[in-house]
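Data block below; observations after.
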Amino acid sequence: MKRLIPLSILLILLLGGGKIFPSNQTKEEEITYVLVDGFEVKGEWELFFSKFRSRAWNPELRGYEPNSKWIKWITSNENKPNFSRKFILPPDIYKNEKFKSEKTIISVRGSWDRQGDNWLALAPSTKRLAKNPIGTQPIKKLIEITGGASINSKNFIILPGETQIIQCYFWGMGYDYKVEAHIQDYKGNYVIIPGSYLNFHGWRNIQFPVPRFVHQRSKILPVLRPLRFIQFKIVTTSHELSTGFFTYVDFLHTRTNIHDKSFFGNSLRENNIYWNESEGKKK
């Protein structure tokens with residue numbers, strides 16, 4: 001009796017010349033966590049509100065309070081009651097020996113004169129961006145990680161590498177408010193990433209997974225094209241209270257792939273080095 005060769009196997013043998021080739025299409029990753037900002041320095045973030053923000057936090061006060069009165073940096077102090085690090089910092093940060101230098105959190109308030117689609121936005125200020133437009137702990141060589149992207153230090157923070165998840169600790173007091181992360185890719189696409197509702201109590205590490213359609217790599221060198229972090233936005237819901245809201249924020253960080261494939265002649269990417277353009281200007 002003759003054995004029949006299954007058609008599928010026959011096709012494989014014919015198309016592959018009778019050989020089995022191992023696949024080279026493996027996903028190359030080098031995952032790390034990057035601290036973008038610990039909110040340690042006063043004045044490096046600012047607050048914006050939608051149209052119907054209350055004139056003052058305390059309705060009995062007269063006059064209009066500027067937005068700067070609705071944001072506050074709170075620094076731990078072991079000599080003051082209730083200001084110890086274990087009382088004010090997120091537990092994960094307080095217990096981690098690597099983050100002993102983390103001592104400060106941000107508190108923001110919100111109150112509006114009507115219920116509805118109100119919002120507040122927490123964004124980096126020009127003070128922070130002028131000093132360091134990139135995450136506070138850059139990894140590897142700055143040029144490689146940023147992909148040579150132009151840095152406009154007016155309205156965003158460069159997120160080094162290929163960001164997979166943006167994470168930040170928020171403190172909830174039960175309000176049914178939604179928190180979003182706003183980013184922009186190198187092609188100029190503005191993306192809003194929904195995180196979570198703040199309808200919980202205490203600290204929670206809220207995650208903002210970056211969608212796969214967001215452009216972070218290019219076929220043209222440099223391949224890595226980092227994202228721009230624009231702001232966190234907290235949006236109210238129509239059925240929830242519009243007064244008396246406050247929250248705390250700490251430890252903005254990312255889960256990041258920093259793998260950058262090397263190739264023969266990799267160092268020649270730094271074209272300006274070999275052309276000695278700076279030296280030519282001096283002559």
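The values are calculated or read from the model by the stated rules, or taken from the named source; none is laboratory data. Computed from a predicted structure; not experimentally measured. Quick reminder, even Gly has a Cβ in these numbers, built from the backbone with ideal geometry, and neighbours come from all protein chains shown.
One residue stands out among those in region 83-106 that are touching a Ser or Thr at 6+ places or on another chain (Cβ under 9 Å) and of a type in the set (Lys, Arg): the one that is surrounded by the fewest Cβ atoms within 10 Å (Cβ to Cβ), which is 86. The set of residues from region 107-132 being surrounded by fewer than 20 Cβ atoms within 10 Å (Cβ to Cβ) and in contact with a Gly (Cβ under 7 Å, 6 or more places away or on another chain) comprises 125, 127.
Of the residues making up region 56-78, those that are loosely packed, with under 13 Cβ neighbours inside 10 Å and either under 22 Å from residue 167 (Cβ atoms) or of a type outside the set (Ser, Thr, Tyr) (or both) are 58, 59, 60, 61, 62, 63, 66, 69, 78. Scanning region 25-55 for residues that are over 19 Å from the mean Cα position of the chain (by Cα), assigned to a loop (DSSP other than H, G, I, E, B) and surrounded by 15 or more Cβ atoms within 10 Å (Cβ to Cβ) turns up 50, 54.
Entry remark, region 243-261: residues being at pLDDT below 95, part of a loop (DSSP other than H, G, I, E, B) and either in contact with a Ser or Thr (Cβ under 7 Å, 6 or more places away or on another chain) or of a type in the set (D, E, K, R) (or both) number 3 in total.
A single member of 221, 198 is touching a Lys or Arg at 6+ places or on another chain (Cβ under 8 Å) and at pLDDT below 95, and it is 221.
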